1. Using the Cβ atoms and a cut-off under 11 Å, what net charge is assigned to the surroundings of GLY19, where Lys and Arg are +1 and Asp and Glu are -1?
2. Run the numbers for ALA147 and GLU106: contour at 0.36 nm per residue of separation, minus the present Cα-Cα distance, in nm.
3. Run through every distinct alpha carbon pair of region 1-57 and return the Kirkwood hydrodynamic radius in angstroms, one decimal place.
4. Measure off 7 Å from each Cα along the Cα-to-Cβ vector at VAL134 and ALA114, then give the distance between these two points in nanometres to one decimal.
5. Among residues other than VAL102 whose Cβ falls under 14 Å from its Cβ, what is the net charge (Lys/Arg +1, Asp/Glu -1)?
Amino acid sequence: MKARDVMTASVISVGADLGIHELAKLLIDKGISGVPVVDAGGKPIGMVSESDLIGRGDSDQEARRDRWLRLLAEGELLNPEFLASLRSPDRRARDIMASPIVSVSEEAEVGEIARLLITHHIKRVPVVRDGQVVGIVSRVDLLRAIAGNALKPTLEGGGTRPSMAIPGARRGSPHMRPLRKPRDPTP
């Protein structure tokens, strides 16, 4: 199975100059967790996810930054305007995006995509054709592909949807734990 078989083709991307407040609103309004950042020509240059917006260990990052600033200042006081600019809320997508971007072609095998997601510790990868984003493959897309081979369609609930035909699974269980065998009451 290839990227073109499992990708989400309707991709929302953003420009590098989009403010983080607008970016956060977009993710919430569209119900998505990340977007490719593209240049003026539509070429992908980075990815922004929810974790980029909320920060990954901001206190650790600030402590490291403050230590470096103290070293660079060599005992001198740093300009207060410079320090204020480091904490500026006017950041843009380009300021927080993960770059360089990891992308795949439409012909990439799903196994290779899974390897890239694991190796690079990412949750989604844009699918690119002629330098343009034509789709995106996320972890959930890969799970759907795996589940599509294992689950059968059924008419439960008035529609066609995957059945819960997993051996030993209990319906409604959040973890899909196998049923336990009843204990034998005899010692």
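1. Charge balance in the 11 Å sphere: 0.
2. Separation in residues times 0.36 nm, less the Cα-Cα distance, equals 12.7 nm.
3. After inverting the pairwise mean of 1/r, the radius is 12.4 Å.
4. 2.4 nm
5. Numbers: positive: ARG115, LYS123, ARG124, ARG139; negative: GLU112.
That sum, taken over residues with Cβ under 14 Å, equals +3.
Read-outs throughout are calculated quantities, based only on the coordinates presented, and are distinct from any laboratory measurement. Keep in mind that this is a model prediction, so the values were computed, not measured. Note: ideal-geometry Cβ built from the backbone for every residue, glycine included; neighbour counts use all protein chains shown.
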